[in-house]
Each structure stands twice: as structure tokens, then as C-alpha cells.
1. Can you give me the three principal axis dimensions of segment 92-204 from its C-alpha atoms, in Å, biggest first?
2. Please check which bits of segment 241-265 a label hung off E281 would reach, taking the label as a point 7 Å along Cα-to-C-beta and the cut-off as backbone N under 11 Å.
3. Step through the residues of segment 265-271 one at a time and calculate ³J(HN,Hα) from phi using the Karplus curve (6.51 cos²θ - 1.76 cosθ + 1.60, θ = phi - 60°), rounding each to whole Hz and writing x for Gly and Pro.
4. Within 10 Å, count the other beta carbons around each residue, average over each peptide in 309-315, 53-59, and list them highest first.
5. Residue separation times 0.36 nm, minus the C-alpha to C-alpha distance between E300 and E140: what's the value?
6. Show me the ranking of peptides 193-199, 112-118 by mean Cβ neighbours inside 10 Å, starting with the highest.
7. Kindly flag which residue pairs out of K94/K245; K94/K252; K252/K320; K245/K320 have an alpha-carbon separation exceeding 19 Å in this structure.
8. With only alpha-carbon pairs counted, each pair once and no self-pairs, how large is the Kirkwood hydrodynamic radius of segment 141-237 in angstroms?
Amino acid sequence: MYGFNSDTRGTPAALRGAVVCVLLCAGMFVSPALAAEKKKKQEYSHDYVGEMRVHRAVYEDTLVHLARDNNLGFVEMRAANPTLDPWIPGAGVKVILPTQHLLPDAQRQGIVINLPEMRLYAFVGNGGEPVTYPIGIGREGLRTPLGKTTVIRKAEGPTWRPTPRMREEDPLLPAVVPPGPENPMGTHAIYLGFPQIAIHGTNRPYSIGRRISSGCIRMYPEGITDIYGRIPVGTPVRVVDQAVKVGWIEDKMYIEVHPTQEQSTEVEDSGELVSYEITPEDMNRILENSGDYAEHIDWERVRKAVKDRRGYPVAVLDAKRKVGSWAKDDLMALIEEAEMDPASVGLPPAALQGEGKDSPAKANRQDPKAEKKKAGKEQAAQAPSDLKGVVQIEDPDAAAPAKARFIQINE
């Protein structure tokens, strides 16, 4: 029987050298595995990305052009600015740029696509801030599929082959469209495990932020070029349908409510909605994220956010304020600093002062995932009865003012 003792005193120099080599090699074998495990566990720790902005329009501006210039989609801009003419907003008008986003409720790894907000999140760093892009998605009857898949291959200069259905609808379509400016897939394509579904560019950039594709995920030409080099084959992809998102910024909990896929056409056409619904899943997500602070939720502001569906974060809970008081964010103070009329951005005057990095409150509340069942069963009773289940919001004018977190004014 042979044993091994790491004490090499008294052994020949050659043998000592061999022992050292074995020990070093063992270290080299273990260390990468430990490093990989550590890397695997790291995730982006914040609930949001970006900062909200207000833009002072010039005569030439349109919401379509402002959307592309600011990495936004058309419906995002329309929802955030429902009273503006999308083609002639007017010189001097203040345009809300919804460039802050709460993250969807999904594992922060690989690609996450949220269909109602028509936005893609790429978690490409080791716990770093995700890169986010507006997208175009499948229209009614040709919806982009939900679920988990992976990137199976990539192509620079893809060839487009219309499906039999497409050629039946439009007999003039050729069987094959080679790479070039007439190719609707643009310059790059990232193919997914879903049948006939890819993330790709477009030769119609103003279709981004709209439900207009046959199921594929479209990106601005500059967007697909940027993400193409970041995403390797094998990257996990999750496609979710979350019109209501919830997250914490400092000591306040925010909700971000988007038009549903069905409502996006209404918003695109008129900027207005005729129905305002919240699902049990949305309610549970709000309650789960509030943790021990559920009684602090401002349900009037929740109603207002659900009604308006402006697509940017709205504060509905302030962990530092007493129960029953409003959660205030930074919008009104920054508008006042810029000497802007609050009405010019479609928001009523603020009534309260507030105080406000990621929150001690968040650290103190229970882990939402670990407490999911408890939150769903024990805290659901705290929600107003008219917000339980799928409901239509009545008396919207009684709701408290909706306010968002604005960081920068563009002049």
C-alpha cells in the first residue's frame, strides 16, 4: 500500500520538484471549476436598468424618429405620450422618453424577451447590467411563441425563404430572397429552437415596437448588429408575457404597466385604451414583491397605473413613509427644476415631498420567491376587492396622480 505525504523534507530535489508540480497541477485543475461555479451564481442585482428622460421637441421631431434615436419602440412612445400627435408633436413640446425599465420576472441569464413591452434583455456579462433593445413581434394570429428555447445558430447576411402561407397570401413573393437591401431579415439573424422563429434585423426599421411580424423578433439594424457579437450559440432564451412588472428602486417599490398584446393596436392607432384589466398573476407579483410592506401599497396609484398603462415605472410603495401616505418619486422636482409645466407632460401637480441605493427595505423584506405561496395566500386579503381577479377598473378619475422617476432633461 502506498501513501502520499505532502511534507517533502529529506527527499531528493528531483522528487520534491515532482511533488510541487503535482500540487500545482491539482490547483490548476480545481481553480477553474470553482471560478466557473462562482461566475454561474452571479446575477445582476438591481430590479431596473436605465434612466427616465424628458425631451424638448423641435419642429422636425416625430415619435417614430425619437423612438429610434433613443432605443425605443413606437408603441412605447405612443403609450408614454398619449395626448401628442405622433407625427407632429410640435416645437417646444415636452416628450416623455420611457428609457427606464423594470426587469421582467425571469431568470437573469441569456436572453429574456417580454412580449407586451416589446423589449429584449440580454444578460451577457457576469452580473453586469443587461443590454436592452426594442423589438417588433408577431401580429394577431401569428403570435411570437412563449417559453424557453436556445440560440441554435447564427447567420450574417441571412437568406429569407418565405413560408408557403406567406406565398399563398402574396403570390408575388419569390421563393428565395438573397442577402441585400430587399431582404426583410436585414443583415444578421439569430435562429432559435422555436420552429421558423429568429431574432433578426429588418429593412423596415419603423416596424420596431409594433406587432407586425409573422412571429419572428425584429430589431433595428443597429440593434441586431450590436447584439449579434454578444450572443453565442447555445445561449438560453426565455419569452414571457408580463404586461405588469414590479421592482424596487432604492426604498420604493415601482410597477410598470404596459398595454397587453391585444391593447397595443389600440395604443398604436389612437393612444387611448377602452379596457383596463389586471390578472391574478399580476396581483400576486405585486404582493410578493412588497414582502413585509404589503400594507404600505398605495392601491389608488396601482389603479391609476393599470388604467394609464404608460409603460414606465410608477412608485406605489415607499418603505420609509407611514402606512396610507403616497409614495413619491423624483419627477415633479426635476420638472420644476427645468421650469416645465407639469401639464405639458400630461401629469398633474405633486402633493407630497419624499426622501429617498438599493434599499435597506429590500434587504429586510422576505425573499419573494421563497415566500411566494405565503404572499399569495396570506397577503392577498390586503388587496382591495375590486383588484382581485381579472377586473375592469371603474372610476379612473378617482385615482391618485401617476408619477415616474425622471433623471435627465434633454433640451
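1. 44, 44, 28
2. Hits in segment 241-265 for E281 at 11 Å: 241-244.
3. Running phi through 6.51 cos²θ - 1.76 cosθ + 1.60 with θ = phi - 60° gives 5, 4, 5, 4, 6, 10, x Hz.
4. Highest-to-lowest ranking by the protection proxy: 309-315, 53-59.
5. Taking 0.36 nm per residue and subtracting the Cα distance, the gain is 54.4 nm.
6. Per-residue Cβ counts within 10 Å, averaged per peptide and sorted highest first, yield 112-118, 193-199.
7. K94/K245; K94/K252; K245/K320
8. Details: mean 1/r = 0.0723 Å⁻¹.
One over the average 1/r among Cα pairs gives 13.8 Å for segment 141-237.
Bear in mind that the values in this text are calculations on the coordinates, not laboratory data. Here the structure is a predicted model, which is why all the values come from computation and not from measurement. Don't worry about glycine lacking a Cβ; one is built from the backbone with ideal geometry, like all the others, and counts go over all protein chains shown.
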